[in-house]
Structures are given as structure tokens and as C-alpha cells.
């Protein structure tokens, strides 16, 4: 499987160990994608992008003006000269990687995508310390990708 197939075959999430938290990158095979960030059941940032894979270890993002619709209009992104581009180094590792997620328990992910710095646009609330993103959630022993369970 080539790198583009790996990137586009799954959503990539960071901060999975936190309850009610979203930090996600969605790559598409036409070299576009969307980044989303939020928490407390609110989408705080949504930004569309184009990307270019450079060699085996670098991605250049071009961020686009993004209008979030409906309830999430405060999540829109306005491109400026300062935040239009970001180039980050990355390392793709094959696992499995076990993440203990709230309410779901331990979930195994096939890949970890580690960036040298946050891939999100600068000067946004989403430009945080999150650099490890996990993708390709593996099915559990019940054949599901996630098993919700409740403990009395």
C-alpha cells in the first residue's frame, strides 16, 4: 500500500485519551482534506486544505477559506498571508497502538502519524501540542470498530 492510500484510508485523530475532544485530519485521494478541532461538544475550527507529499517525510498544507455552515459558523477559517501555508515533517509508524479511550476502553490503531509540530494553521485555537495522530482503527474481538460499554 502506498503512502497516499494509507493517509486517505482513515481519519486521523489526536487526543483520543480525552473525553469529548476532537482533533482530526481527513485526507482525500484528490489531495484535499479537512482539519477539525473542538471540545465540549462544540466544533471550534474547520479548515479545508490542499496538500502535497514531499519525499517520504514531509507534507505541505495550503489552507483554504472555509465556511462552516449551520450551528457551527464560529468554526469557519479565514485564510491570511500568515496562516495560508504550513510545511511539516512526519513519520508514519505501523503498530498496533493501544489507546485507552473514555467509555470505549482500549482501542487498537494500525498506524501512528507523528508530526514534528502541529499540522494545524498557526494562530488558531487548534494549534496545540498534538503531534501524534492515529488512524486505521482495528476491529475488536466482537467484529466492531468500537464497543460501547457501561459499568454499574
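Quick check, is residue 80 assigned to a loop (DSSP other than H, G, I, E, B), over 29 Å from residue 139 (Cα atoms) and modelled with pLDDT under 90? Answer is no for this residue. Restricting attention to segment 61-77, the residues being surrounded by 13 or more Cβ atoms within 10 Å (Cβ to Cβ), at pLDDT 90 or above and either under 17 Å from residue 114 (Cβ atoms) or touching a helix residue (DSSP H, G or I) at 6+ places or on another chain (Cβ under 9 Å) (or both) number 2.
Could you list all residues from segment 78-111 that are in contact (Cβ under 8 Å) with a residue 40 or more places away in the chain, over 16 Å from residue 16 (Cα atoms), out of contact with any helix residue (DSSP H, G or I) (no Cβ under 7 Å at 6 or more places or on another chain) and surrounded by fewer than 16 Cβ atoms within 10 Å (Cβ to Cβ)? If the condition is that a residue be in contact (Cβ under 8 Å) with a residue 40 or more places away in the chain, over 16 Å from residue 16 (Cα atoms), out of contact with any helix residue (DSSP H, G or I) (no Cβ under 7 Å at 6 or more places or on another chain) and surrounded by fewer than 16 Cβ atoms within 10 Å (Cβ to Cβ), then 82 is the only one that fits.
Looking at 44, 86 in this structure, which one is under 20 Å from residue 122 (Cβ atoms), under 16 Å from the mean Cα position of the chain (by Cα) and at pLDDT 90 or above?
86
Any residue at all in segment 112-119 that is more than 19 Å from residue 4 (Cβ to Cβ), out of contact with any strand residue (DSSP E or B) (no Cβ under 9 Å at 6 or more places or on another chain), free of Cβ contacts under 8 Å to residues at least 60 places away in the same chain and surrounded by fewer than 19 Cβ atoms within 10 Å (Cβ to Cβ)? No: zero hits. Here residue 41 meets the list (1) within 24 Å of residue 82 (Cβ to Cβ); (2) free of Cβ contacts under 8 Å to residues at least 24 places away in the same chain almost entirely, failing just condition (1). Considering segment 1-26 alone, what residues qualify as being under 9 Å from the mean Cα position of the chain (by Cα) and closer than 12 Å to residue 51 by Cα? Residues satisfying the conditions are 25, 26.
Residue 29 meets the conditions (1) closer than 19 Å to residue 113 by Cβ; (2) surrounded by fewer than 13 Cβ atoms within 10 Å (Cβ to Cβ); (3) under 16 Å from the mean Cα position of the chain (by Cα); (4) at pLDDT below 95 in every case but one. The failed one is (4).
The values are calculated or read from the model by the stated rules, or taken from the named source; none is laboratory data. All figures in this text were calculated on a predicted structure; none of them were measured in a lab. Because the Cβ atoms are built from the backbone with ideal geometry, glycine has one as well, and the counts that use them run over all protein chains shown.
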